[in-house]
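Structure record follows, encoded as structure tokens.
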Number of protein chains: 2
Amino acid sequence: MNLDDMIMISVDDHVVEPPHLFDGRMPAKFADQAPKVITTPQGDDVWTYNGAVIPNIGLNAVAGRPREEYGIEPTAFTEMRRGCYDIHERVKDMSAGGVLAAMCFPSFPSFSGRLFLADDDRELSAAVVRAYNDWHIDEWCGTYPERHIPMIIPMLWDPVASAAEVRRAAAKGCHSLTFTENPASLGLPSFHSAHWDPLWQAIVETETVLNIHLGSSGKLAVTAPDAPMDVMITLQPMNICMAAADLVWSRVFKEFPTIKVALSEGGTGWIPYFLDRLDRTYDMHHAWTGQNFDGRMPSEVFRDHILTCFISDPVGLQHLDEIGVDNVCWEQDYPHSDSSWPTAPEELHGQAVEYGVSDANLDKITHENAMRWYHFDPFAIRPKEQCTVGALRAEVAGHDVAEHAYSTGRRERSTISLGDLAASATA
Amino acid sequence: MNLDDMIMISVDDHVVEPPHLFDGRMPAKFADQAPKVITTPQGDDVWTYNGAVIPNIGLNAVAGRPREEYGIEPTAFTEMRRGCYDIHERVKDMSAGGVLAAMCFPSFPSFSGRLFLADDDRELSAAVVRAYNDWHIDEWCGTYPERHIPMIIPMLWDPVASAAEVRRAAAKGCHSLTFTENPASLGLPSFHSAHWDPLWQAIVETETVLNIHLGSSGKLAVTAPDAPMDVMITLQPMNICMAAADLVWSRVFKEFPTIKVALSEGGTGWIPYFLDRLDRTYDMHHAWTGQNFDGRMPSEVFRDHILTCFISDPVGLQHLDEIGVDNVCWEQDYPHSDSSWPTAPEELHGQAVEYGVSDANLDKITHENAMRWYHFDPFAIRPKEQCTVGALRAEVAGHDVAEHAYSTGRRERSTISLGDLAASATA
């Protein structure tokens, strides 16, 4: 396949929420209590809500910067590309990067919406979550409906309310829910509890995918307080194998045989070994641990339920059959520093050629799997021939992808420790 | 290569210490304070030391049992095969399993000897460690010197004293030290501190390998208190990637360019992806994190310093070049429940055939790498042709490897939770 003929859908990008998000979306009695953006005397833009201040509004939103200027900055809208928070600019950046469509995880509410877990007033927090989800579906995704896969955030404090929100969203055409990779880390009942069953039931009924993004429990792998941050960056995707193991051996897949869970930003190259390890664990230990999958092996259970994705993964591309080629998607991670935007198509195409990925498999990875999982059909709106890397880039010829004037406002800052980064990344 | 012609050296087995270990090995003034074995009214054999009682003497020593009887049992010597603690019986079990030689990690002191970290009296604890190491080198390994690679435990509270012990052991022909995979988890300075430099200096000077066994920091991956124990078993080897990342990005390899670290029981199939992830982390982030390996990539740093091993690892065998075939060994894990004893040679040989491992590479993995790393030369004592799987098994024809009369004393026990298992496995 030619590079220009690929059709790219990313299942893991990020939106930096614009200040106007809640305007006109909250019930009148709560209008004054909606989260809002303020600018600190130091020049940082921060969200405030319920007495809390959420720093690092950009969460590593560095797209467009030279790598020397990567960091947990920026902390102000003026330090970011407008594509981080402006849907019209975002779509131009996507086109310049050859990307047809994306699914965006939240920033200030955390990947799993756990910011709202601490509220005292559940009626207020439910109103905030519904307003957030309406904005995400109607404005962020609805403005260019062929360019974004909608995804809602849950009401983590209440599986029944979350189930109702899943059904409400599904009626609006949304089949994707972000969740946490380990509720137990948030002080909630674990995946081994029946607590979540009402939510799982709604997910199954509405064919909604449960997306668990790395770090969404607020726990990233920190080996030591004085470890360089490279350690945490290296380990991020590998540690989602903990969530995969937790789920495979849990009651969730046994009780809900059609549920689908996506390991967001989890990578794929570790999976072939992980599947061997699952099956060996079953072989050696099930006689005394009592595990039973009705004759299936745990690697089959994994492939029946778990969706995976990668930014760049040469090892995974060599093992597509073991991982399950219908379970693999591509992701871009715009605007974070692990992203290859705007040259991600070149990176993937080069690896596909190197490892002999067939055109049929490449189509599955780049867009077909994502369209099927998330009930997303951009071709119903935009003719397929206008959805390719080449067609999209031609539309925005001249768009400046190297623009980083947005970073000129960057302030001097002291050295950032791994502890600071972990706290920020999971705030 | 024929199965019978393989020569098998395991770099990770386990000794269950016999009750007489400290007899005659302690200074007179401490003779009464040595750790000792007592039998509880419930029939458990336990080590007692410094007011502490260390349960689960067998630490999962289930060799010979049917899989239905695996567990964190046995808790008494009468519940184990004699080969767990009796060197003469051990050697027969090794021969029956086709294994020429093994390196054994401790049981009751923990894999890293951290039991002695809590002592008030450092003179006493130093005497205990020296007595332990003398017993291990002189009796456990010295009785059949061609059958065991000696390995000492450190004095974790003191890098200088540990350095002296490394030099004392090296003078006795021992070039292997067990350590923890994360000293920070034990409340000690991390791998990023200069605190350990005197120990690293001694290791480098004596060409001693630093072995970090999974779980040796006392931290195993527990996702939730109610998770089934299959979760923890699955994740054990993968989580040693945290230690590998910690070390690769640390000052240790920069300051000590010839130091070698073995990831004991860490497996190998996750490594190709891990190396990609290391290099991508460097590519994307070093400009702002400031990492610098003098022009090398972190994957090269990994291969220059890190030794790996596997029990059974089809994915690893397909990626020997990336991992580095001079850095891979085989391990047996006798007498624990992940071991394939006594049919490990059959398992490895079958996989080597399936994945086309050359005879030269198989020799490296089965014995040549281990001999080089640990300065261990069994052929100087035992003619090489008598060291093969076939020759060893012929010597002990009739030895009963299915004997599990030792488990008939097994008592009924209540269901074991993952929390119990984790506590026990890391006691």
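Here region B:83-128 is treated as an ellipsoid with the same Cα gyration tensor; its semi-axes, largest first and in whole Å, are 31, 10, 8.
Each 5 Å bin from zero up to the one holding the largest Cα-Cα distance in region A:107-247 carries the following percent of pairs: 2, 10, 18, 21, 20, 14, 9, 5, 2, 0.
Calculate, in whole percent, how much of the Cα-Cα pair population of region B:181-277 lies beyond 24 Å. Write out the running numbers ahead of the final one.
On the way: 1196 of 4656 pairs.
Percent of Cα pairs beyond 24 Å in region B:181-277: 26.
Nearest chain B C-beta to the B/A rotation axis, reported as residue and distance in angstrom, is B:Trp270, 3.
The DSSP beta bridges internal to chain B are antiparallel in roughly 25% of cases. Largest first and in whole Å, the equivalent-ellipsoid semi-axes of region A:232-381 read 29, 17, 15, each the square root of five times a Cα gyration tensor eigenvalue.
The lysines within cross-link reach of A:Lys364, meaning a Cα-to-Cα straight distance under 16 Å and a gap of 8 or more places when in the same chain, are A:Lys384.
Listing A:Ile57, B:Ile365 from fewest to most neighbouring C-beta atoms within 10 Å gives A:Ile57, B:Ile365. Taking 4.7 Å between C-beta atoms as the pairing limit, chain B has these partnerless cysteines: B:Cys84, B:Cys104, B:Cys141, B:Cys174, B:Cys241, B:Cys387.
Translational diffusion of the protein assembly as shown, estimated by Stokes-Einstein from the Kirkwood radius over alpha carbon pairs at 10 °C in a medium of 1.306 mPa s, is 56 µm² per second.
Oblate is the label for region B:243-305, because the ratio a/c of its alpha-carbon gyration tensor axes (a ≥ b ≥ c) is 1.5 or higher and a/b is not greater than b/c. Footprinting exposure proxy ranking of A:Leu124, B:Leu177, fewest other C-beta atoms within 10 angstrom first, gives A:Leu124, B:Leu177. Taking the inverse of the mean reciprocal distance over all distinct Cα pairs, the Kirkwood hydrodynamic radius of chain A comes to 22.0 Å. Of the beta bridges in the protein assembly as shown, as assigned by DSSP with both residues counted there, near 25 percent are antiparallel. Within a straight-line Cα-Cα reach of under 19 Å, A:Lys219 can be paired with the following lysines, leaving aside sequence neighbours fewer than 8 residues apart in one chain: B:Lys219. Show log10 I(q)/I(0) for region B:158-216 at q = 0.12, 0.24 Å⁻¹, two decimals, from a solvent-free Debye sum over equal Cα scatterers. Here log10 of I(q) over I(0) equals -0.27, -1.00.
If neighbour count is taken as other Cβ atoms inside 10 Å, put B:Val11, A:Val396 in order from fewest to most. Don't skip to the answer; put the middle values down first.
Numbers: B:Val11 28, A:Val396 16.
So the residues, fewest neighbours to most, are A:Val396, B:Val11.
Relative contact order for chain B: 24 percent, from Cα pairs under 8 Å spaced at least 6 residues apart, divided by residue count. Counting from the shortest, the label point at B:Arg122, 7 Å from Cα toward Cβ, is 5.6 nm from the same position in each remaining copy.
Dividing the alpha-carbon radius of gyration of region A:283-360 by 2.2 N^0.38 Å (N being the number of residues), what value is obtained? The partial results should precede the final answer.
Values: Rg = 16.7 Å, N = 78, 2.2 N^0.38 = 11.5 Å.
The value comes to 1.45.
In order along region A:162-177, the phi-based Karplus estimate (6.51 cos²θ - 1.76 cosθ + 1.60, θ = phi - 60°) of 3J(HN,Hα) comes to 5, 4, 5, 5, 4, 5, 4, 5, 4, 5, 8, x, 9, 10, 8, 10 Hz; Gly and Pro are listed as x. Here's the list of aspartates and glutamates a cross-link from B:Lys260 could span, going by alpha-carbon distance under 15 Å and ignoring same-chain residues fewer than 8 apart: B:Glu181, B:Asp197, B:Glu205, B:Glu207, B:Asp246, B:Glu300, B:Asp304, B:Asp326.
Convex hull volume per residue, computed on the Cα atoms of region A:99-162, equals 78 Å³. Could you list the square roots of 5 times each eigenvalue of the Cα gyration tensor of region B:1-134, that is, the equivalent ellipsoid semi-axes, sorted largest first and rounded to whole Å? Working from the Cα gyration tensor, I get semi-axes of 29, 19, 12 Å. Under a 5 Å amide H cut-off, with hydrogens placed 1.01 Å from N, A:Val328 pairs with A:Thr308 among residues at least 5 apart or on other chains.
Normalised by 2.2 N^0.38 Å, where N is the number of residues, the C-alpha radius of gyration of region A:63-190 stands at 1.16. When only Cα pairs below 8 angstrom with a gap of at least 6 residues are kept, region B:98-206 shows a relative contact order of 27 percent.
Here, each number is a calculation from the coordinates, and none is a lab measurement. Remember, predicted model here, so these are calculated numbers, not experimental data. Cβ coordinates were reconstructed from backbone atoms using ideal geometry, including for glycine residues, and neighbour counts include every protein chain displayed.
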